[in-house]
1. Could you list, in sequence order, the residues of region 251-282 that are out of contact with any strand residue (DSSP E or B) (no Cβ under 8 Å at 6 or more places or on another chain), buried (at least 16 other Cβ atoms within 10 Å of the Cβ) and outside any helix (DSSP H, G or I)?
2. Considering region 291-350 alone, what residues qualify as being over 23 Å from residue 49 (Cα atoms), β-branched (Val, Ile, Thr) and surrounded by fewer than 18 Cβ atoms within 10 Å (Cβ to Cβ)?
3. Condition first: modelled with pLDDT of 95 or more, surrounded by 12 or more Cβ atoms within 10 Å (Cβ to Cβ), assigned to a loop (DSSP other than H, G, I, E, B) and of a type in the set (A, V, I, L, M). Now tell me which residues in region 11-67 satisfy that.
4. Just name the residue that is farthest from residue 264 (Cα to Cα) out of those in region 228-250 that are part of a helix (DSSP H, G or I) and of a type in the set (S, T, N, Q).
5. Report, by residue number, each residue of region 166-187 that is in a helix (DSSP H, G or I) and in contact (Cβ under 8 Å) with a residue 12 or more places away in the chain.
6. Run down 312, 332 and say which single residue is of a type in the set (Asp, Glu), within 21 Å of the chain's Cα centre (by Cα) and assigned to a loop (DSSP other than H, G, I, E, B).
7. Of all residues in region 68-84 being farther than 13 Å from residue 43 by Cβ and not in a helix (DSSP H, G or I), which is nearest to the chain's Cα centre (by Cα)?
8. Restricting attention to region 234-247, does a residue exist that is out of contact with any Gly (no Cβ under 8 Å at 6 or more places or on another chain), surrounded by fewer than 19 Cβ atoms within 10 Å (Cβ to Cβ) and more than 23 Å from residue 326 (Cβ to Cβ)?
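The values are calculated or read from the model by the stated rules, or taken from the named source; none is laboratory data. Remember, predicted model here, so these are calculated numbers, not experimental data. Every residue, glycine among them, receives a Cβ derived from its backbone with ideal geometry; neighbour counts consider all protein chains shown.
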Amino acid sequence: MKKSMILAGALLVLASCAPKQARWTEEKANQWYDAQGWLVGCDYIPSDAINQIEMWSSDTYNHDLIDKELSWAENLGFNTLRVYLSSVVYENDAQGLKTRMDDFLGICESHSIRPLFVFFDDCWNAESWYGVQPEPKPGIHNSGWVRDPSDALRADTVALYPKLEKYMKDVLKTFSKDSRILMWDLYNEPGNSRYKSSSLPLLKKAFEWAQSVRPSQPLTSGVWSNPLKELNEFQLANSDITSYHCYSGPEAQQHAIDTLRAYGRPLVCTEYMARTKNCTFQNTLPILKANNVAAINWGFVAGKTNTIFAWDEPLPDLAEPPVWFHDIYRQDGTPFSEEEVALISTLAGK
């Protein structure tokens, strides 16, 4: 997902910004993290889904394919996945979404994987709909990924917020004590798509709703863009676990880690790895492990999201670029790079 790199000068936030009765203490957060072992995985969507809606809809949810792909993740040494949910699917089939989430968690458990789920998202296509999703545009990165909620719904918060509140609270309550879930990521890249600080009200509501449920799993929302100071401060002041995105090279990655360490909480890098941006497994994953930072790269099996193509370099005439942007495996299970797979497996202890 398209980023501007973060964290050149993030400011420490006054502790008074955080709701002390709901947020985990630093001690609790660090004790929880220490008990997990090193977390390594990817942002995952099955290769036959173009977006969150197609992954979770009843007609297109693919148990068998997910099971096959997660067997590859297990063999690689991955123990976590970051997975986007869909308020669109929930609004049209609430019980169905929760049933399929339970099924997905069962598959994860069978492969010794504990995922974290993402609720809201400010990235990519402005509008979405329930039903048949578009086909991929050849060579275009994430041509069918959708923002959640849709842009057209955001102006009428009186109508929108109760729906989103019901969605988030119902899902959190249903799975609030489920040990198969690692954590909850409440909002992906708030402020992206030029929303900037206009995303702050929904970000605040997301934490308010989630903290009112106070699930047993930790809550987070990752900082990703240094200029979004107001959003960054709120995220860092309210997340139980500090999470962030970094698609830049090793020096920027280490700087992000060193900057965020000042907040005294465990670190989870919930997005990294863009080969043509000098953010590779070879130059980044060892840094994350050495610093005991959870490592979650974008992409796993090349598929309908077209994330083997770069954000800003459409290649409509190529079936496969010479250097993939994201992703690790082809749909037949062969890796883009044997060297990468060997490195990941070694660092993951496989």
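1. 279, 280
2. Result: 346, single match.
3. Taking region 11-67 and keeping what is modelled with pLDDT of 95 or more, we get 23-67.
With the extra rule that they be surrounded by 12 or more Cβ atoms within 10 Å (Cβ to Cβ), the set shrinks to 23-26, 28-33, 36, 38-58, 60-63, 65-67.
Filter once more, keeping what is assigned to a loop (DSSP other than H, G, I, E, B): 23-25, 36, 38-39, 44-51, 57-58, 60-62.
Those that are modelled with pLDDT of 95 or more, surrounded by 12 or more Cβ atoms within 10 Å (Cβ to Cβ), assigned to a loop (DSSP other than H, G, I, E, B) and of a type in the set (A, V, I, L, M): 39, 45, 49, 50.
4. Looking only at region 228-250, we keep the residues that are part of a helix (DSSP H, G or I), and these are 229-238, 250.
From the residues that got through so far, the ones that are of a type in the set (S, T, N, Q) too are 232, 235, 238.
Values: 232: 16, 235: 14, 238: 13 Å.
Among those that are part of a helix (DSSP H, G or I) and of a type in the set (S, T, N, Q), it is 232.
5. The initial filter retains those residues of region 166-187 that are in a helix (DSSP H, G or I), namely 166-174.
Within region 166-187, 167, 168, 169, 170, 171, 172, 173, 174 qualify.
6. Numbers: 332 fails: within 21 Å of the chain's Cα centre (by Cα).
Among 312, 332, only 312 is of a type in the set (Asp, Glu), within 21 Å of the chain's Cα centre (by Cα) and assigned to a loop (DSSP other than H, G, I, E, B).
7. If we take residues in region 68-84 being farther than 13 Å from residue 43 by Cβ and not in a helix (DSSP H, G or I), then 79 is nearest to the chain's Cα centre (by Cα).
8. yes
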